Amino acid sequence: MAKDIPFKAYNLERRGRLHTLPTPPAKITRHRMDRQVWARALSEAPSAGDAAVKGGRGKRSKGRKAGKVKSPKSAADVVRCRSPEAMCLHCGRYSDDPACGPKCYAAFRTTNFLPSRSIEIRGPGEKGYGAFTAPGIRIPKDQWLDEYIGELLPLPNPDTPSTDTTSLYRLWIPGTAIIDAERAGNWTRFVNSSCRPNVRVWGESVGKRQVVLFQALREIGPQEELTFQYGAKYFVDAGLVCRCGVGEGGHLPGGGMMKGAGKRGKGDIG
């Protein structure tokens, strides 16, 4: 098994040398998945028939027999786009077009995402660690920044008692999987919440893959922290308050206060 690669960070004022963060979290560039976890989850899931096929071009879903979903063999299997209605963000073709595939995904990453040197991790601060643009880097509005990467987990089974953890680093691909970057991810896991965000999170299809992308809401200047709004539900469910600095003291996005909540933010190292 390959040795985990740690993240490195500057202090909040960007003074001194980079320091190495303890693992986890580990630094990865592609999703991870545990085949045993998926096999166990799918063996406990109810049979899936036509009702489980979301979207698509009605006629093509006819005649689909009910049965157990096959356990994925790789992370690529998990995030494979199964709706023929989905259009590739890179080539503009529908996902059932043979001309669209892994080459589109690779080309999109190469031509659209920021070079790794453009983003720096800094901290710790009141919100933990955060992601900042490097000196001299200016990001234009609508620029695709990167893909949210982590460990792919099965969706909860409503018929099975939950063994969920307290991970604060989860984003969902609706109807497909949970991306959990608590123990492994890329720099996007350090993007903190703000009530005045400069980034948005966007679900798309690229090269027959379902992806969660980060995109600049406006021009972002050098050494500026990257943020998106987690939403009030995130803070309520986690028992936390937002400390983005927009409101006075701890608050919930959209207004309101919450008593007894802690300071731990999404960018913290647990």
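Protection proxy ranking of 113-123, 210-220, by the mean of other Cβ atoms within 10 Å over each peptide's residues and highest first, is 210-220, 113-123. The protection proxy used here, the mean number of other Cβ atoms lying within 10 Å of each residue, ranks peptides 234-246, 197-209, 30-42 as follows, highest first: 197-209, 234-246, 30-42.
If the Kirkwood radius is taken over C-alpha pairs of the range 102-184, then at 37 °C and 0.692 mPa s the Stokes-Einstein diffusion coefficient equals 209 µm²/s. Once C-alpha pairs closer than 8 Å and six or more residues apart are averaged by separation and normalised to the residue number of the range 182-221, the relative contact order reads 34 percent.
The overall shape of the range 159-251, judged from the alpha-carbon gyration tensor, is oblate: a/c is not under 1.5, and a/b is no greater than b/c.
Between the residues Ala107, Thr166, Gly130, the greatest Cα displacement towards the positive end of the dipole of the range 107-232, with unit charges on the Cβ of Lys, Arg, Asp and Glu, is found for Ala107.
Of the three principal axes defined by the Cα atoms of the range 202-244, the extents in descending order read 38, 31, 13 Å.
Working from the Cα coordinates of the range 81-223, the gyration tensor eigenvalues give, after taking √(5λ), semi-axes of 26, 23, 12 Å in decreasing order.
Every read-out reported here was derived from the displayed coordinates using simple, explicitly stated rules and does not represent laboratory data. These figures come from a predicted structure and were not determined experimentally. No Cβ is skipped: glycine too gets one built from the backbone with ideal geometry, and neighbour counts run over all protein chains shown.
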